[in-house]
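The values are calculated or read from the model by the stated rules, or taken from the named source; none is laboratory data. Please read these numbers as outputs of a predicted model, since none were measured by experiment. Glycine also receives a Cβ, built like all others from the backbone with ideal geometry; neighbour counts cover every protein chain displayed.
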Amino acid sequence: MDKSWHEVARALASSQLALIPTDTIYGLAAKALGKEAIGRLDKVKERADSKPYIILIAALSDLSVFNIYLSDQQKLFLNQIWPGPISVILPCSSSSFAYLHRGRNLAFRLPNHSKLCSLVKMVGPLAAPSANPAGESPAKTIAMAKNYYGNKVAADIRANQEPLTGIPSAVVDFSGPKPVLIRPSGPLVEKIIQSFTGE
């Protein structure tokens, strides 16, 4: 990883915020395993404290950190759709992570982005909502992300100047017995879901 990725890793590890490219669009990132960092993220995003974040992980084994242990069916499903731009809601009721799930379940994504996964391995799981204020277009360039939040973050990825062409991730709820598509996805994911639901 280049210098700016290491600067971002240091900032995130110290509970600061950073602007990062993801496998979809730019994110405003904070260390998920830190109440101070999430509190700072809530304030900067002006986010309601009842709305949970999507958590970026680097491997299925990271879910055990959140006291989430997958069934064979869940593992089979996740291994077919990850890594990729699909966020999956899984059951998480541990009081230790109430500041993240906020009385609901938690959504996770394993990105198809090697540098981002390396960052997660260094820092730990990340909350990385889209880098845009409510009502504004999602940031697809670092310049756009910095225009929104540049004076409120400790670091950003400067090496990536090309616009990101992704859209916010699809969302699948797998907190029940079968996966349910919550936010639109492509035909491949829909076909995989159908194989699990029998529809």
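Some points to look at:
- Matching option when the condition is under 21 Å from GLY84 (Cβ atoms), at pLDDT 90 or above and of a type outside the set (Ser, Thr, Tyr), among ALA155, ALA170, ALA127: ALA127
- Any hit, region 99-106, residues being touching a Pro at 6+ places or on another chain (Cβ under 7 Å), modelled with pLDDT of 95 or more, under 24 Å from ASP42 (Cα atoms) and in a loop (DSSP other than H, G, I, E, B): no
- Some residue of region 59-82 being out of contact with any Cys (no Cβ under 7 Å at 6 or more places or on another chain), on the phi > 0 side of the Ramachandran plot, of a type in the set (D, E, K, R) and surrounded by fewer than 21 Cβ atoms within 10 Å (Cβ to Cβ): no
- The set of residues from region 7-22 being over 15 Å from ILE55 (Cα atoms) and part of a loop (DSSP other than H, G, I, E, B) comprises SER14, SER15, GLN16.
- Subset of region 54-85 that is part of a loop (DSSP other than H, G, I, E, B) and of a type outside the set (A, V, I, L, M, F, W, C) - its residue that is farthest from VAL120 (Cα to Cα): SER71
- Filter pass, ILE38 being surrounded by 15 or more Cβ atoms within 10 Å (Cβ to Cβ), modelled with pLDDT of 90 or more, closer than 27 Å to SER195 by Cβ and among the β-branched types (Val, Ile, Thr): no
- Residue under evaluation GLY150, criteria (1) surrounded by fewer than 16 Cβ atoms within 10 Å (Cβ to Cβ); (2) under 12 Å from LEU19 (Cβ atoms); (3) touching a Lys or Arg at 6+ places or on another chain (Cβ under 7 Å), criterion not met: (3)
- Complete set of residues in region 118-143 that are surrounded by 18 or more Cβ atoms within 10 Å (Cβ to Cβ) and not in a loop (DSSP other than H, G, I, E, B): LEU119, VAL120, VAL123, LEU126, ALA127, SER130, ILE142
- Restricting region 41-58 to residues that are within 14 Å of the chain's Cα centre (by Cα) and of a type in the set (Val, Ile, Thr), the residue that is surrounded by the most Cβ atoms within 10 Å (Cβ to Cβ): ILE55
- Candidate set: region 23-35, residues that are assigned to a loop (DSSP other than H, G, I, E, B) and touching a residue at least 60 places away in the same chain (Cβ under 8 Å); chosen: the one surrounded by the most Cβ atoms within 10 Å (Cβ to Cβ): ALA32
- Set ALA48, ALA145: member being among the small types (Gly, Ala, Ser) and touching a residue at least 12 places away in the same chain (Cβ under 8 Å): ALA145
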